[in-house]
Amino acid sequence: MDISTISMSLLGGGLIGLAAAFLLLWSGRIAGISGILAGLLKPVAGEVAWRAAFVTGLLAGGATLLLVDPGALEVRAPASLGVIALAGLCVGYGSRLGSGCTSGHGVCGVSRLSARSLVATATFMLTGALTVYLFHSGGIR
């Protein structure tokens, strides 16, 4: 990993932290992406505008990166489409089961020392490590 990758990762992480802190201070809301998106799928009066702005900002950030560095979003699928679809369903189910996602628990909950978020984040990390191990050992294709 070169210094550019490290510095860009630190910058990105810092910006995520600032955005989460701003949303919490500005509106008292947690920057959990699954909850924000769920609120757009089941709209509640007075909640749609800020959620739409947040999701639009996420998409605009990706679009800007694509314009600045088209190779940055180049991805090679590590598995078959079926395995990727199953993984996506598991992530969605896990987010609902855990009452939040890695952004809500990992970024916002851990910084508030929420016991539930600490357990959820540890579970996310252990499950992710196990999945990587299974893929690299040849157990899953």
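The values are calculated or read from the model by the stated rules, or taken from the named source; none is laboratory data. Remember, it's a predicted structure, so these values are computed and weren't measured experimentally. Cβ: placed from backbone, ideal geometry, glycine included. Neighbour counts: every protein chain shown. The protein model used for the area step is the full one, side chains on, heavy atoms only, and it has no ligands, DNA or RNA in it. Shrake-Rupley method; radii C 1.70, N 1.55, O 1.52, S 1.80 Å.
Residue-level analysis places G61 among those that are without any contact (Cβ under 8 Å) to a residue 12 or more places away in the chain, surrounded by 10 or more Cβ atoms within 10 Å (Cβ to Cβ) and either in contact with an Asp or Glu (Cβ under 7 Å, 6 or more places away or on another chain) or more than 30 Å from S137 (Cβ to Cβ) (or both). Yes or no: segment 33-47 includes at least one residue that is surrounded by 11 or more Cβ atoms within 10 Å (Cβ to Cβ), under 19 Å from the mean Cα position of the chain (by Cα) and of a type in the set (D, E, K, R). The answer is no; no qualifying residue exists. One residue stands out in segment 1-35 among those that are part of a loop (DSSP other than H, G, I, E, B) and of a type outside the set (D, E, K, R): the one that is modelled with the lowest pLDDT, namely M1.
When A120, A115 are screened for being at pLDDT 85 or above, under 23 Å from L23 (Cα atoms) and more than 18 Å from the chain's Cα centre (by Cα), only A115 passes. Select from segment 112-141 the residues that are over 25 Å from L86 (Cβ atoms) and touching a Gly at 6+ places or on another chain (Cβ under 8 Å) and list them in ascending order. Within segment 112-141, R116, S117, L118 meet the criteria.
Inside segment 65-118, can you point out the residues that are under 29 Å from L24 (Cα atoms) and not in a helix (DSSP H, G or I)? Hits for segment 65-118 are G98, S99, G100, C101, R112, L113, S114. Restricting the search to segment 91-121, which residues are free of Cβ contacts under 8 Å to residues at least 60 places away in the same chain, surrounded by 13 or more Cβ atoms within 10 Å (Cβ to Cβ) and among the small types (G, A, S)? G94, G98, S99, G106, S114, S117, A120, listed by residue number. In the set (1) among the β-branched types (V, I, T); (2) farther than 18 Å from L15 by Cα; (3) in contact (Cβ under 8 Å) with a residue 24 or more places away in the chain, V44 fails one condition alone, (3). Checked against (1) within 21 Å of C108 (Cβ to Cβ); (2) open to solvent by less than 60 Å² (accessible area, probe 1.4 Å), G82 passes all but a single condition, namely (1). Would you check which residues across segment 36-53 are more than 15 Å from A20 (Cβ to Cβ), in a helix (DSSP H, G or I) and of a type in the set (V, I, T) and list them? Of everything in segment 36-53, just one residue is more than 15 Å from A20 (Cβ to Cβ), in a helix (DSSP H, G or I) and of a type in the set (V, I, T), namely V48.
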